[in-house]
């Protein structure tokens with residue numbers, strides 16, 4: 001599963017971003033923070049929401065997901081454990097961003113093999129920038145810089 005990066009002029013290809021949380025309010029906060037166009041050079045994104053692990057697995061298996069954002073606090077299966085499972089079970093797994101509630105939990109993203117991490121409350125500028133960087137293929141450090 002290869003996901004070529006859209007060029008600035010490729011406005012016709014919307015990237016699919018899977019957003020997983022068992023809570024609709026968390027999914028909404030993520031999609032609102034990231035926005036439909038996180039950066040001009042990555043083009044538009046369309047959101048695919050999932051409230052269960054089964055929905056995440058089906059979406060990831062479909063090959064249509066360009067990026068997944070997983071709620072680290074989701075119940076009964078959290079996004080960190082799910083991230084690790086997906087990274088270990090899917091060949092050419094799409095990039096994964098994990099959203100956590102506490103800044104101190106950022107280190108867990110290293111264990112989860114996430115490509116990036118967001119911390120609630122989500123800063124819209126940082127969320128959009130992080131998603132854009134990951135879609136561009138630039139890994140965002142999971143640990144705080146300093």
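For the chain, DSSP calls about 5 percent of its internal beta bridges antiparallel. Taking other C-beta atoms within 10 Å as the exposure proxy, 118, 108 rank 108, 118 from fewest upward. Once the Cα-Cα distance is subtracted from the 0.36 nm per residue extended length, the residue 32 to residue 103 segment shows a gain of 23.5 nm. Taking the alpha carbon gyration tensor of segment 15-136, multiplying each eigenvalue by 5 and rooting it gives semi-axes of 18, 17, 14 Å, largest first. Counted by neighbouring Cβ atoms within 10 Å, the residues 22, 13 run from fewest to most as 13, 22.
Rounded, prolate or oblate: pick one for segment 7-85, where a ≥ b ≥ c are the square roots of the eigenvalues of its C-alpha gyration tensor, a/c under 1.5 means rounded, and failing that, prolate if a/b is larger than b/c, else oblate. Verdict is prolate for segment 7-85.
Neighbour counting of Cβ atoms within 10 Å sorts the residues 98, 53, fewest neighbours leading, into 53, 98.
FYI, it's all coordinate maths here, none of it is from the lab. Not measured: the values here are computed from a predicted model. Note that each Cβ is placed from the backbone with ideal geometry, even for glycine, and that neighbours are counted across all protein chains shown.
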